[in-house]
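Worksheet: the structure to be examined is printed underneath.
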Amino acid sequence: MQPKQLGLTSQSSSIGFADLVRVAAAISKQIARDLAPIWDVSGVVTALPDPAAIPPGVWPIFIQDDIGFADAAGLHLTDHKQPFALVEAGHTWSLTASHECLEMLVDPSGNWLIPSAGVAVTDSAIADLPHQKFEYLVEVADPSEEQTNAYMIDDVLVSDFYTPHFYDPEVSPGTRYSFSGKIGRPREVLPGGYLSWWNPMLNTMQQLRWGSGPEIVDIPGHPSESARTTLRGFIDSKTAGRPKLSKLPSRSNEVARRDRRAAWLSVAAAHRGATYALARRITSAVRPPLPSADDARAVLANNVRQLTAAGGTKAYIGWRFVNDWVTRARAIVVWARPAEVDAVRNRLPTNLGGFPVEVRRDPRPELPPLPNGALRFHAMAEGTVRGEDSLPPLDGQTFLREEQPDAAALEAARHTKPHVQYAPPAGVSLDRITENMSLTLHISPEQGWAQLEPFLISAAQSLTIGMYELTAPHIDRALSTLAAPETLKLTLDSPPERPGKREQTVEKSEQDLRQGLRQRFNFAWALSGGGTESIGNAFQTSYHIKVAVKDDASFWLSSGNFNTANQPVVDTSDTEALTQAVLDHDRDWHVICECPTLAQTFKAFLLADFTLADDFATNGAAAMRAAIAPVRLDFPLEALGAKRLRPKKFFAPLVINRAVTVQPILTPDNYRKPILDLMNNATTRFYMQTQYIKVAGENDPADPSGTAHTDLLKGLTGMIARGLDVRLITSEYQTKADLEALLNEGIDIIDQLRIQTGVHNKGIVVDTEIAVVSSQNWSGLGTWKNRDAGVILFDAEAARYFETIFLHDWENLARQAVRP
């Protein structure tokens, strides 16, 4: 038998080709495995990339956002009597697509009538009329079409259908009447389904419907009303109130069941893929070591004059990029002023001494030239700008023009503010604990504010907060109008933001809170080296923490700030709103923990930070403010052109109520050593999603635990060398120079790292057993001298939750492409 060819094609902005391929594969399996042996039909479903180009012989099913009107859904015929179907887009559209595919294959004409015993409704029950015969319209998925009868193939919801025995004259023990087995007798209609027939005695079409109960209704009109209407299409046009199977509620049991299956499959698929990848590496030749830079350095030294004549600003030994992604081939990189990039590229050969020459935009903001005309650039070294904007060390960097680096500004930025000695609170342990607690794990943008708002407004006595940014008007309003807490104690940084980046400034938020809470508000500007309102330097550049402790009993801890980018207001029940939120806002991980022991530990550190800042401001240091010029970054950074991708799904919070082992981690206190231990002890996989991974500068002394930032980088190298499944997701702030610096450190991240625009997270999952939620960026200062906080959750359920989210982002939102 020649198999029928069916094609899924999308005219919906929310259904991409990858979705079509996945659903087509599942329905093809349903046809071959489930339908064909029962109905003696055969068919194959394929995904069609272009709805305007339908190959000959293919019956298309069009997925549309708007099918026009209620009776347009379902089967139709062309002028040549070829069937096609329309399906409304939605997050469960596969269920309707399966329904239509099954019915098209069993009856492509839409007019097949099978005679069998009549039915009636007696005392709210369906009864046979054995002495009458109706002619039943063959609609194999309709009597059991309600979503509770659906089943899954892989992670795709598909429709139940009845068997030919559905038209048997009477019940026969052991007979299968529907694939699921939920239809237990001939001509039975399940709740939510319906059955249509031609009644020859009444000369009309009738239908048995099951809404609040079974009822039989006459179908008005006649199928000949439209030349293109099949009998099935006619019935569908007269059947109002049918469930929208393409748009089941996100909280329905069927969607939850599908999502659980999809989450399991995504994790299992990733783990299996890693197993095969490791097997390939072991089976094939051992990957050669990364090439040395010695020969490239010699070529650069011998061609400085030629590079200078071309008009470049700086040259160094980097790595070749193909399609905006790094390779294992060395290159000579030449920077040029933005307006001169094309000219410099045209003046230089594409290859020098066997090494490709890459000309890129000089990312450093240009400062006013010196009196002698020498160029001057912002140093953009770590500690002088925000971490995401800092430049890594460049191998063999060579100045190609007379240039005066901004060394004086660099030193001024490092030493302007008086140093204030930090000391942790006495008698507070950062050892791991195991206690009964409640954890609410969730992510932004879909659940951030939805969980944070009730946490904040439910405070009964006190809120103690340490925060890097508080610029979201909705969070400002929520805190300013708190009614219950007796005190709100806030230590807040004042990062050097570019004008207009946020909806409002941290200074406005501070003023609003003072006016709204009055005597109940205790406030201190954090002692951060980069803070524009800070008068001292206890934390090198940033008070980067994001922790709120409520009533000494619970705390909220996050990678995300109190700004709109990290905590947007979004309707969690609106799929389109959630999609837009992912496209417009940042990815962050959060945890709300009800555990007095841990809450009081974090509160002790927050109170120590507040007291340190408040005492320093009170004891005369405020008089120094006039002499300290705040440094704001007013220069424009290059446009971030990385495309944001659409999410495949959204993630509800996970609530855990039982004993959990947790270790608090803070910088500058104890972050590096526990994280390095996790890396050194990992046995199967290490997944990290973080804003960026920076290579520390030369002067990166070890912290008191004896662990340097470079040790963390070596930990990555070690895990890759041991054959672990290492996957790293960073944001668009991971520049080409940053990737080159990682390769210079021997970290072969070419296959292990992807870029996801909008990542603000700093989360880690190890061996599907341990998860880390924190605010520490991976830079020399981020893992040591700034103030940050996190928790290590030694819990497999928590790890699986965040691992599922990580793998969703890895597959759907992350790509190998970077900004220049």
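The values are calculated or read from the model by the stated rules, or taken from the named source; none is laboratory data. All values reported here derive from a predicted model rather than from experimental measurement. Heads up, the Cβs are rebuilt from the backbone with ideal geometry, glycines too, and the neighbour counts pull from every protein chain shown. For accessibility, only protein heavy atoms count, side chains too; no ligands or nucleic acids. Shrake-Rupley method; radii C 1.70, N 1.55, O 1.52, S 1.80 Å.
Amide H contacts of residue 667: 788, 789, each under 5 Å away and 5 or more positions distant or on a separate chain (H built 1.01 Å from N in the peptide plane; Pro and chain starts excluded).
Ranked from highest to lowest mean number of other Cβ atoms within 10 Å per residue, what is the order of the peptides 589-597, 444-452? Before the final figure, lay out each step's value.
Numbers: 589-597: 21.2, 444-452: 23.9.
Going from most to least packed, we get 444-452, 589-597.
Run lengths n ≥ 4 of DSSP H only: what is the helix-derived mean residue ellipticity at 222 nm for the chain, with -39500 (n - 2.57) per run over all residues, to the nearest 500? Write out the running numbers ahead of the final one.
On the way: 18 runs with 214 residues, N = 820.
Taking each H run of at least 4 residues, the total per residue is -8000 deg cm²/dmol.
Computed in the context of the full set of protein chains, the accessible area of the chain at 1.4 Å probe radius has 52% of its extent on carbon or sulfur.
Please give the contour-minus-distance gain from residue 40 to residue 461: 0.36 nm per residue of separation, less the Cα-Cα distance, rounded to one decimal in nm.
Numbers: separation 421, 0.36 × 421 = 151.56 nm, distance 7.05 nm.
Here the answer is 144.5 nm.
Each listed q (0.11, 0.25, 0.27 Å⁻¹) maps to a log10 I(q)/I(0) for the stretch 546-616, found by the Debye formula over equal Cα scatterers with no solvent: -0.40, -1.04, -1.11.
Just to be sure I understand: of the beta bridges DSSP finds with both ends in the stretch 51-160, what percent are antiparallel, rounded to 5?
Roughly 80 percent of the beta bridges in the stretch 51-160 run antiparallel, per DSSP.
For the stretch 682-820, the share of DSSP beta bridges that are antiparallel, to the nearest 5, is 60%. For the stretch 331-474, taking Cα atoms only, Rg and Dmax work out to 24.7, 71 Å respectively.
Ranked from largest, the principal axis spans of the Cα set of the stretch 701-820 equal 37, 35, 30 Å.
Where does the stretch 432-500 land on Rg/Rh, using Cα atoms and the Kirkwood Rh? Please report the intermediate quantities before stating the final value.
Numbers: Rg = 14.5 Å, Rh = 14.3 Å.
Expressed as Rg/Rh, it is 1.01.
Per residue, the stretch 515-589 exposes an accessible area of 29 Å² to a 1.4 Å probe, with every protein chain left in place.
Bridgeable lysines around residue 238 (alpha carbons under 26 Å apart, same-chain partners fewer than 8 residues away excluded): 81, 133, 247. Each label point was placed 7 Å from the Cα along the Cα-to-Cβ direction; for residue 264 and residue 721 their separation is 3.9 nm. Solvent-accessible surface of the stretch 440-495, averaged per residue with a 1.4 angstrom probe and all protein chains in place: 26 square angstrom. Across the stretch 357-374, computed HN-Hα scalar couplings (Karplus, 6.51 cos²θ - 1.76 cosθ + 1.60, θ = phi - 60°) run 10, 10, 9, 10, 5, 5, x, 6, x, 7, 9, x, x, 6, x, 7, x, 5 Hz from first to last residue, x flagging Gly and Pro.
Just how large is the dipole of the chain about the Cα centre, in debye to the nearest 20, putting +1 at every Lys and Arg Cβ and -1 at every Asp and Glu Cβ? Write down the numbers at each step before the final one.
On the way: 80 positive and 96 negative charges, 347 e Å.
Approximately 1660 debye in magnitude.
Look at the dipole of the chain built from charges on Cβ: of 197, 113, 368, the Cα furthest out on the positive end belongs to 368.
For a straight C-alpha distance cut-off of 13 angstrom, the aspartates and glutamates reachable from residue 550 (same-chain residues fewer than eight places away being disregarded) are 453, 486, 594.
Per the Kirkwood formula on distinct C-alpha pairs, the Rh of the stretch 326-387 is how many angstrom?
Details: mean 1/r = 0.0725 Å⁻¹.
For the stretch 326-387, inverting the mean 1/r across all distinct Cα pairs yields 13.8 Å.
Using the 1.4 Å probe convention, the accessible area of the stretch 110-191 works out to 41 Å² per residue with neighbouring protein chains retained.
Over all Cα atoms in the chain, the spread is summed up by Rg and Dmax: 32.3, 109 Å.
Based on the Cβ-Cβ distance of residue 305 and residue 615, what FRET efficiency does E = 1/(1 + (r/R0)^6) give at R0 = 56 Å, to the nearest 0.05? So the FRET efficiency works out to roughly 0.45.
Excluding same-chain neighbours fewer than eight residues apart, the lysines reachable from residue 736 by a Cα-Cα span under 21 Å are 314, 643, 694, 714, 762.
Give me the compactness ratio for the stretch 144-219, meaning the Cα radius of gyration over 2.2 N^0.38 Å. Please list the in-between numbers first.
On the way: Rg = 13.9 Å, N = 76, 2.2 N^0.38 = 11.4 Å.
Rg over 2.2 N^0.38 Å, computed on Cα atoms: 1.22.
A simple rule links phi to the HN-Hα coupling: the Karplus curve 6.51 cos²θ - 1.76 cosθ + 1.60 with θ = phi - 60°, which for the stretch 769-779 gives 10, 9, 10, 10, 10, 7, 10, 6, 6, 8, 9 Hz, with x for Gly and Pro.
The protection proxy used here, the mean number of other Cβ atoms lying within 10 Å of each residue, ranks peptides 11-21, 752-762 as follows, highest first: 752-762, 11-21. Here the 3J(HN,Hα) profile of the stretch 154-168, calculated from phi with Karplus coefficients 6.51, -1.76 and 1.60 at θ = phi - 60°, is 6, 10, 10, 6, 10, 8, 6, 7, 8, 9, x, 5, 4, 9, 4 Hz, Gly and Pro shown as x. For the chain, the share of DSSP beta bridges that are antiparallel, to the nearest 5, is 65%.
Ranked by the mean number of other Cβ atoms within 10 Å per residue, highest first, peptides 355-365, 164-174, 246-256 order as 355-365, 246-256, 164-174. For the chain, take the longest principal axis of its alpha carbons; what is the angle in degrees between that and the long axis of helix 575-584, to the nearest 10 within 0 to 90? That helix lies at roughly 20 degrees to the long axis.
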